[in-house]
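Please treat every number below as a calculation from the coordinates, not as lab data. Because the structure is predicted, anything quoted here is derived from the model rather than measured. Cβ coordinates were reconstructed from backbone atoms using ideal geometry, including for glycine residues, and neighbour counts include every protein chain displayed.
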Amino acid sequence: MPALALDVAAGQRILDVCAAPGGKSAHIAALTGNGAELWLNDGLPARLPKLREVVALHGVDVHELCCVPGQYLDKELEGPFDRILLDAQCSGEGMVDLRRGDALKHWSLGRVEKHRRLQQRMLMAAWRVLKPGGLLVYSTCTLAPEENEAPVSHLLRHREDAAVEPVELEVDGRRRAVLEWPELKLDRRVSGALRLAPSRWHEGFFVCRLRKRG
């Protein structure tokens, strides 16, 4: 879903901020016929070997592969980019299998809040290197509004050039965005985002498409 929502095309300069393990990057390359200037980044060095393995397996033409923490993108990478995918690090609630006794072993509200702060900074940094008129897709594999609607709402409140565009993808399990949540100030413009409920066929997911007005 993220690559489809990003509306990619050959000739574009495209940045995948948290690219490892590489599946979404390979999807972008396939959709563009390997004709985009594709920049792949991941801020965790331990994830880079798998990223290299996956893009090599799928024959992805990579323009640049780098290791910059997402919250510092604007200080390390030279923009602008036509398209940016930020499939952010998250608490992974959408992947939790409650049939397992240890399913919530690493989950905590503190971890959710820690990721929210990081995602907020990553999203703001990515926005600074996005071209006016360009698209950024923010996605996670978690369910928490703190990590989904909240970082997007923060961007909308602080950047007048940010606009949410509806994600027009027909998919089973689609749910409305969360617009009210205790102790969170959520912007009602996030209603255009797509939430996907977990099922036997897929994990829980969140996708929001953001346009940078010229």
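How much length, in nm to one decimal, is gained on full extension between Glu183 and Met95, taken as 0.36 nm per residue of separation minus their Cα-Cα distance?
Length gained, Glu183 through Met95: 29.2 nm.
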Open item on the list: Is there a quick way to get the dipole size of the chain? I mean about its Cα centre, with the Cβ of Lys and Arg at +1 and of Asp and Glu at -1; what is the value in debye to the nearest 20?
Closed with: 440
Task: Within the chain, helix-based [θ] at 222 nm, where runs of 4 or more DSSP H residues each add -39,500 (n - 2.57), nearest 500 - done: -7500 deg cm²/dmol
Open item on the list: Spelling out what I want: for every residue of segment 34-48, take phi, set θ = phi - 60°, compute 6.51 cos²θ - 1.76 cosθ + 1.60 (Karplus), and round to whole Hz; glycine and proline get x.
Closed with: 6, x, 9, 7, 9, 9, 10, 10, 8, x, 10, x, 5, 8, 5
Task: Share, in percent, of DSSP beta bridges within the chain that are antiparallel, nearest 5 - done: 50
- [ ] With a point put 7 Å past each Cα toward its Cβ, work out how far Lys105 is from Asp7 in nm, to one decimal.
- [x] 4.4
Open item on the list: Using a 7 Å offset from the Cα along the Cα-to-Cβ direction at both Val68 and Arg213, what is the distance between the two label points in nm, to one decimal?
Closed with: 2.7
Task: Dimensionless Rg/Rh of the chain - Kirkwood Rh, Rg from C-alpha atoms - done: 0.94
Task: Dipole of segment 118-214, positive direction: furthest Cα of Pro151, Gly134, Phe205, with charges on the beta-carbon - done: Gly134
TODO: Go through 202-212, 141-151, 52-62 and give me the packing order, highest mean Cβ count within 10 Å leading.
DONE: 141-151, 202-212, 52-62
Task: Stretch gain in nm, segment Lys75-Asp61, where the contour uses 0.36 nm per residue and the Cα spacing is subtracted - done: 2.5 nm
Open item on the list: Below 28 Å, Cα to Cα, which lysines can Lys185 reach? Residues fewer than 8 away in the same chain don't count.
Closed with: Lys114, Lys131, Lys212
Task: Difference of contour (0.36 nm per residue) and Cα-Cα distance, Arg157 to Asn34 - done: 40.7 nm
- [ ] For segment 1-50, build the charge dipole from Cβ charges (+1 Lys, Arg; -1 Asp, Glu) around the Cα centre, then report which of Gly33, Gly22, Ala5 sits farthest towards its positive end.
- [x] Gly22
